[in-house]
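The structure appears below as structure tokens.
The values are calculated or read from the model by the stated rules, or taken from the named source; none is laboratory data. The structure presented is a predicted model; accordingly, all values stated were derived computationally and were not measured. Counting neighbours? That spans all protein chains shown, and the Cβs are built from the backbone with ideal geometry, glycine included. Heavy atoms of the whole protein, side chains included, go into the accessibility calculation; ligands, DNA and RNA do not. Shrake-Rupley method; radii C 1.70, N 1.55, O 1.52, S 1.80 Å.
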Amino acid sequence: MSSGIRATVKIDSPEACPIARFSRETGTTIDQVSTSVSCGSDGSTTEFLADVDVEFDEPISGPVFSYGTTNLYRCSHDSEASCPCECLGSYDCPVHRYRAADGDVTVVFHAADFNQLQTVMNEFRERYPGVDVQSLLQPPLSGTPEERIFVNRGKLTDRQYEVLETAYEMGYFERPKEANATEVAESLGITQSTFTEHLGAAQRKLLGDILESGT
């Protein structure tokens, strides 16, 4: 049995997602979304809760029910896979968690393996601009959930990554050092000050992920 991969992906303002549009235009955060239920060949329906009381454009209807200051809305989907959740469903990857804020969507889903994950991500990048993989977790995982953090290497520029990789391979971070800043800079064909600047920027970005995940 495959252990699977849990992916957290953020998509910037997917216009094909009506719930994301609802979030942006009403200024609300939506993170209480039910699993879509089948409606035969006509598509599916998703329910979500929002702290607003407004009428919205199709395919969203409601408020359907009121829970005090929170209202329940319904979003109807046709058979075409256009929004992120429908796209995931077409690959048999149900949405584990969903959050829409300021029009951006973050989805957590499970892929069977890296091949399926790569296929899904290629589809996402073709359909939606601004796709950012925020975390990938593959069991078995050690430590508590709070200790399992994802360092987003995509935050680094190509040059910052090259500097960091070269410094690591040359033993700059070893104790005692196997190479000093001057030697690493010479290997890269840059000045020592430029090396220090790129290295510091890369470390700040990576440490930001580690320290913010622990707060």
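Pairs, please: C-beta under 6 Å, at least 6 apart or cross-chain, first residue under 14 Å from residue 158 (Cα atoms) and in the range 186-206, second assigned to a helix (DSSP H, G or I) and of a type in the set (Gly, Ala, Ser)?
Hits for this filter: 195/181; 195/185.
Here are the criteria: (1) surrounded by fewer than 16 Cβ atoms within 10 Å (Cβ to Cβ); (2) outside any loop (DSSP other than H, G, I, E, B); (3) under 16 Å from the mean Cα position of the chain (by Cα). Tell me which single one residue 65 does not satisfy.
For residue 65, the failing item is (3).
So, in the range 78-100, exactly how many residues are under 17 Å from residue 30 (Cβ atoms), open to solvent by 20 Å² or more (accessible area, probe 1.4 Å) and either assigned to a strand (DSSP E or B) or in contact with an Asp or Glu (Cβ under 8 Å, 6 or more places away or on another chain) (or both)?
Counting residues in the range 78-100 that are under 17 Å from residue 30 (Cβ atoms), open to solvent by 20 Å² or more (accessible area, probe 1.4 Å) and either assigned to a strand (DSSP E or B) or in contact with an Asp or Glu (Cβ under 8 Å, 6 or more places away or on another chain) (or both) gives 5.
Suppose we filter the range 41-60 for residues that are under 30 Å from residue 90 (Cα atoms) and open to solvent by less than 50 Å² (accessible area, probe 1.4 Å); how many remain?
Going through the range 41-60 one residue at a time, the tally reaches 10.
Report the residue count in the range 155-207 for those that are assigned to a loop (DSSP other than H, G, I, E, B) and among the acidic types (Asp, Glu).
2
Given the options 164, 188, name the one that is modelled with pLDDT of 85 or more, hydrophobic (A, V, I, L, M, F, W, C), more than 30 Å from the chain's Cα centre (by Cα) and open to solvent by less than 90 Å² (accessible area, probe 1.4 Å). Please lay out each step first, then the result.
Values: 164 fails: more than 30 Å from the chain's Cα centre (by Cα).
Exactly one of 164, 188 is modelled with pLDDT of 85 or more, hydrophobic (A, V, I, L, M, F, W, C), more than 30 Å from the chain's Cα centre (by Cα) and open to solvent by less than 90 Å² (accessible area, probe 1.4 Å), namely 188.
Identify the single condition in (1) open to solvent by 80 Å² or more (accessible area, probe 1.4 Å); (2) more than 24 Å from the chain's Cα centre (by Cα); (3) closer than 30 Å to residue 134 by Cβ; (4) not acidic (Asp, Glu) that residue 207 does not satisfy, given that it satisfies every other one.
All conditions are met except number (2).
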